[in-house]
Amino acid sequence: MISYLRDILSKHKSQNILKPFRSIPRRLVTSKFAVQFGIGLASSLVLSLAFNSDGVATPESSHVLSPLISQVSPVNQANPPKNSTIRLLETVGLFVGGIVFCIVLDRWFSDRSAHSGNTPLAEQARRLKQLKIGYPEGMTNFEVLRSQALLEERLRPFGLIVSWTSFLSASALIEALSNGTIDFCGGGGTASIFSQAADHVFVRVAKEKYTAPKGQAILVPEDSPIQTLADLKGKKIVFDKGSSAHYILIKALRKVGLDFSDIDPIYLTQPQALSLFRQGEVDAWVVWVPYTPTQARSSYPGRSIADLESIFGDRASLEVPTYYYAVPELVRDYPDLLKVILEEVNEAGAWAKKQELEAAQRLLDQHEIDPFILETLQKRSAERAIIPIDEQSLDALQHQANLFRDLDLIPERVNVKDGTYSLQTKQNWTY
């Protein structure tokens, strides 16, 4: 059918059949437009055929369509077909031909646009020129994304440069977003509450579907007499203020009937806390244990008396989420580029889950893990690594925000559902 239409077009090149179509703006030549236009064209041809088959052609229809119809129909117009079956076949042929013609035309325009780099993504990449990403050391999805250069490979054809900078904490990452040092990052959800209360500029754009059940822990020295959470009463506990460790400690204490006022808090970043903990100057340390252990963090001293799983159970992913953040300009002015970033973060997460599953399978073969763990990993490996921000996620984050305000840890109540700070949309989640 396509070759037949090509013959028709070549024979009537001198009649400028394509001239009306060249004036159509390329941005309108989408698949939806092609189908609609094809149906309209086919309908016009069918009506014209219906009139002409009875020998009642109007001067206008004959002048416009007679060259095309004379080629499509092998029957001489001077002797219109008397057989209704032939007329029906001609009608169907013209209808299908009109749609095929417009689809071919749509492909032609699309190919030219893609080769010329006039796609929205290409234009946005040229405008941005450099994408600056911040990440906390050991965050799995970013470690995979960076080490395998997934974003660089995807965006190289558009000349966009991707740069990476590591930060010590999520609060430092969001502050860097606010002052324009980076464009995109990921980190704990708790930090965003304190950043929002401090009027920092950022947007929550996505979240990880699952939080590692051992991803954070409360450590005590190996020779410490502390055995349970209840033993923390009156003890010096070090952690990063305004981080997820802060929230974890509050919830852990409440689990055993203790208040935040029952402990002696010491606010330090993780590198500072590690030094103090090794020297034995604090009784406990609430620490983030990354999903991909680095050499420094895998050698943390001490033993765990509680982790996310023991404190929150199956609500760990909801209570202690990992979010992805962007500057407002990236959300507003570079939506296609943001979509690509989220796609590649998800791909990195999928790759990491596959590796984790394969490792668990090897351990199971050696009878070193519970089969239930492997079943859980198999289920999660078939799911997305990152998901849109939904009402349930923000409700849990709002609960955290209210708790910090009640403890006078933030100056006023914040609304995490404020559209300035949280992007709730599904239009970019079609991949």
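The values are calculated or read from the model by the stated rules, or taken from the named source; none is laboratory data. Just so it is clear, the model here is predicted, and its values are computed rather than measured. Note that each Cβ is placed from the backbone with ideal geometry, even for glycine, and that neighbours are counted across all protein chains shown. Side chains are part of the model used for accessible areas, which takes the heavy atoms of the whole protein and leaves out ligands, DNA and RNA. Shrake-Rupley method; radii C 1.70, N 1.55, O 1.52, S 1.80 Å.
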Taking the stretch 171-190 and keeping only residues that are over 15 Å from ASN141 (Cβ atoms), in a helix (DSSP H, G or I) and touching a Gly at 6+ places or on another chain (Cβ under 6 Å), one is left with SER171, ALA176
Just one of ASP262, ASP240, ASP283 is open to solvent by less than 60 Å² (accessible area, probe 1.4 Å), under 22 Å from PRO221 (Cβ atoms), modelled with pLDDT under 95 and of a type in the set (Asp, Glu); which is it? ASP240
Residues of the stretch 202-237 being under 29 Å from VAL416 (Cβ atoms), modelled with pLDDT under 95 and part of a loop (DSSP other than H, G, I, E, B), which ones? LYS209, TYR210, THR211, ALA212, PRO213, LYS214, GLY215
Only one of these conditions is not met by SER195: (1) over 23 Å from ALA316 (Cβ atoms); (2) among the polar types (S, T, N, Q); (3) not in a loop (DSSP other than H, G, I, E, B). Which number is it? (1)
Which of (1) open to solvent by 30 Å² or more (accessible area, probe 1.4 Å); (2) in contact with a strand residue (DSSP E or B) (Cβ under 7 Å, 6 or more places away or on another chain) is the odd one out, the single condition GLY134 does not satisfy? (1)
So, of the residues in the stretch 153-170 that are under 14 Å from LEU121 (Cα atoms) and part of a helix (DSSP H, G or I), which turns out to be least open to solvent (accessible area, probe 1.4 Å)? LEU155
Which of the residues that make up the stretch 391-431 are open to solvent by 50 Å² or more (accessible area, probe 1.4 Å), at pLDDT 90 or above and in a loop (DSSP other than H, G, I, E, B)? LEU407, ASP408, PRO411, GLU412, ARG413, ASN415, LYS417, ASP418, GLY419, THR420
